[in-house]
1. Report the label-to-label distance for residue 529 and residue 618 in nanometres (one decimal), using points 7 Å from each Cα along the Cα→Cβ vector.
2. Taking only protein heavy atoms and a 1.4 Å probe, what accessible area per residue, in Å², does the chain have with all protein chains in place?
3. Zone of residue 491 (label point 7 Å along Cα→Cβ, backbone N under 15 Å): which residues in region 390-421?
4. With a sphere of radius 15 Å drawn around the Cβ of residue 419, what net charge do the other residues whose Cβ falls strictly inside it have (Lys, Arg +1; Asp, Glu -1)?
5. For region 274-371, state which trypsin sites (Lys or Arg not before Pro) are in a DSSP loop and have at most 14 other beta carbons lying within 10 Å of their beta carbon.
6. If you find the alpha carbon centre of region 417-478 and of region 691-749, how far apart are they in angstrom?
7. What are the residues whose amide H is under 5 Å from the amide H of residue 545, where those residues sit 5 or more places off or on another chain and H is modelled from the backbone?
8. Give me the base-10 log of I(q)/I(0) for region 1-124 at each q in 0.15 Å⁻¹, Debye formula, one uniform scatterer per Cα, rounded to two decimals.
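The values are calculated or read from the model by the stated rules, or taken from the named source; none is laboratory data. Fair warning: this is a prediction, and the values are worked out from it, not measured in the lab. So basically every Cβ, Gly included, is an ideal-geometry build from the backbone, and we count neighbours across all protein chains shown. The area values use the complete protein model at the heavy-atom level, side chains included, leaving out ligands, DNA and RNA. Shrake-Rupley method; radii C 1.70, N 1.55, O 1.52, S 1.80 Å.
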Amino acid sequence: MLAVLGLSGTGDTDWARLRGLQYSGLATLTFFRAYAHAILGLFTAQIYQGSINFFWLAAWLGALVFVQVRGVYFDRTLADAEHRRISRKEFYGQALTPLLSGALWAVPLLAFTPYGSLTDLMTLLVIVATLAAASIYFYAAAPLGIFVFTLTVGTAAVAHLVWQELWSVAVAGTLYGVSCLLGTIEVARTYLTARVAESGVAEKEEVVSLLLREFEENEADWLWEVDTSRRLRSVSPRFAFALGSPQKDVEGKPLLELIAGQTWESGKFPTSLHDLAERLKHCENFSNLLVNVTIRGEKRWWELSGTPMRDDRGRFVGFRGVGSDVTEARNSSEKIAYLARYDTLTSLPNRLQLTEALGDALKFAEQWRTRCALLMVDLDRFKSVNDSLGHMVGDKLLAQVSARLLALMGEDQLCGRLGGDEFAIVLRDVSDFESVRGLANRVIAALSEPYQVDQHTLYVGASIGSAFGPRDGKTVEELMRNADLALYRSKDIGGGEHFEFEPVLHASAEERRQLEVSLRKALDRDEMVLHYQPVVDANSSSIVSFEALVRWDSADHGFVSPGKFIPLAEETRLIVPIGKWVLREACRQARSWPDHVKVNVNVSPEQLLEPDFHDDVVKALAETGLRPERLEVEVTESIFLRDATTARTALEQIMALGCSVALDDFGTGYSSLGYIRKLKFSTIKVDRTFVQGAAQNSSESLAIINAVVAMAKSLDMTTTAEGVETLEEAELIRRMGCDKIQGYYFGRPMTHDDALKLFDGSAELKSA
Ligand code: C2E
Ligand code: MG
Ligand code: MG
């Protein structure tokens, strides 16, 4: 009973919430109650107007009306109590109206009746009884009021009846009052239960529909709720966790203040938060709003949905919604977006972004009748670094390359990495060709400066091919292909240069393609032939061996130099079948030479890395019957830059057969005296450039030859000087201690028949 009256809070039921539910109903009936009091008050005044002084009557009526008006005002402030917590002060403040009303109605009962007739008394009792009965209805929402009112008026009435010694009426009045009070409790209990159920159902309905909707769309993490002043209400533990504070600390706090972090004071909210604030302010529905929040100083992303809540009469009472923390998902989607557009290793824009930028630049150029440019940059000798020092060093080098590139970029210039050691620069608006050439030269110069990676000092160069849009290509693909052709050209002549695209490059690319087609057929068409160049003993000038050099006389292209088709064959791996043929043919022809003359066969890295290279050698020797000791394989230092272990194993296997291995072109490429120690070579062939250099008295060339000769001697290897063209060179080389000499001076590469003539005496070599 006390709980229904609001005089005690029972157990865990929420007193303020229950009172809120009860008292919010008052506002609707408060007018009727005020009218009823006023009219019945007027009626009472009318009864006693003859017997009571007008002044007293008016004063009484005035007080009654005043109390009712105050009651109306007070009750109306409780209209929103359903959605908030009601305070004790409001609770007792509300009870003041019935108390004062009761007191005022006690006045005619006690003070007016002695001056009126018995009928007047009876009429007044009926009026008061009516009011008591009616208040059960009017105050059903606030039973304490009925109690107070009925108790005050009833006590006054019964007291007066007892004083008048109207015993039976007093007893009837008492019974009437008690049943009124009991009825009140019952009605109020029913009313309260109904309200609780009603609000529970409404609330559940809302939550369920929200959850269902949200569940269909995505997974929500917590529910949130704010009142009309956007303060948090009914904070769940999960939401409190998301807010990073205990439940009790956040309950009743403004939502925005809690999630705005530092920006709350400055008022400079992130746009998303501003957006949320606007929607809350304008009571707008929102769904999956991505909000940038700050929880305890940490930036996070929330996805919030919210619906304005309205009461039965459609008045806005707050917001309720669901939210989830999507920081991780968002970070990873940001990351994915980043990865899609940037190269992870160098953080430069990647191919996708470059092609987009180029597309934009082309559009821009077309629209404003200007031109754009694309520079393809390729590093020279990067592969060697990667192969010899490993990918870690290679990666660090690439990072340094990109930093240098980036430093050279100006406005409207975008550089990025296409992949591997290939970079590209997109120039959006190019007024003159010269500026592009200038940039290309600066890039080559900057990238060719030495690099310091870990303890290594590395030298790589750069080649550049450029094309202008829309002149050299109207589409991204065309422009890229043409810049690539220009780059190819630059690579072809040894790198370190910038080439601009010109239509004739198409022709050379086409020629290359046709060359490849013909090369594939060359062996079947019997277009290959071997020439032999003699290698002589430096002291006796007698022939110690012949180097087999392949010649291609193509039906489609005429004579093609090995300098041209060997690299093509290596690139297309056609060198494998060609090399096999050379090996067999050389062994076969060498059989007809004197037994002490060796044959030198060049072997490309591609061939050496083939798993059946060893078998091929065995087969060639077995089928031709050549002694293994007469075969010398020539390899270059580049084999150590690829798969060094496989190459070494392959060479060691053929050395085990009895063959020897020569290190060709020593001093070019990635020369290091260290390579000489890596394998038991029989011969080191000093490259032509050093022979020529020594002849011109270059101290560097002289030093290298001296060092190679000394080192070879100490390792029990022999040396061959390549490219000796004059008698002077031959003498110089001999003085320097080289064991063998090869070059035009003693003999150019010749046909097999011509080589045979050297043995039967019909022809002779020059002698030094
Ligand atoms: P290489 O193995 O260093 O062969 C020596 C090259 O120097 C030959 O060029 C030869 O003609 C040239 N040469 C010899 N003496 C002189 C000289 O006194 N002055 C000048 N200026 N040049 C001289 P060639 O025949 O054009 O061969 C070029 C390269 O092609 C060879 O260089 C070799 O690496 C490669 N090659 C040739 N035949 C084969 C082959 O059957 N298999 C493989 N894998 N490569 C081959
Ligand atoms: Mg050679
Ligand atoms: Mg050579």
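1. Calculated label separation equals 3.5 nm.
2. With all protein chains present, the chain gives 48 Å² per residue.
3. Those under the cut-off are 418-421.
4. -2
5. Those satisfying the criteria are 296, 313, 315, 369.
6. Between the Cα centre of region 417-478 and that of region 691-749, the gap is 40 Å.
7. Here 535, 598 satisfy the definition.
8. Log10 I(q)/I(0), no solvent term: -0.74.
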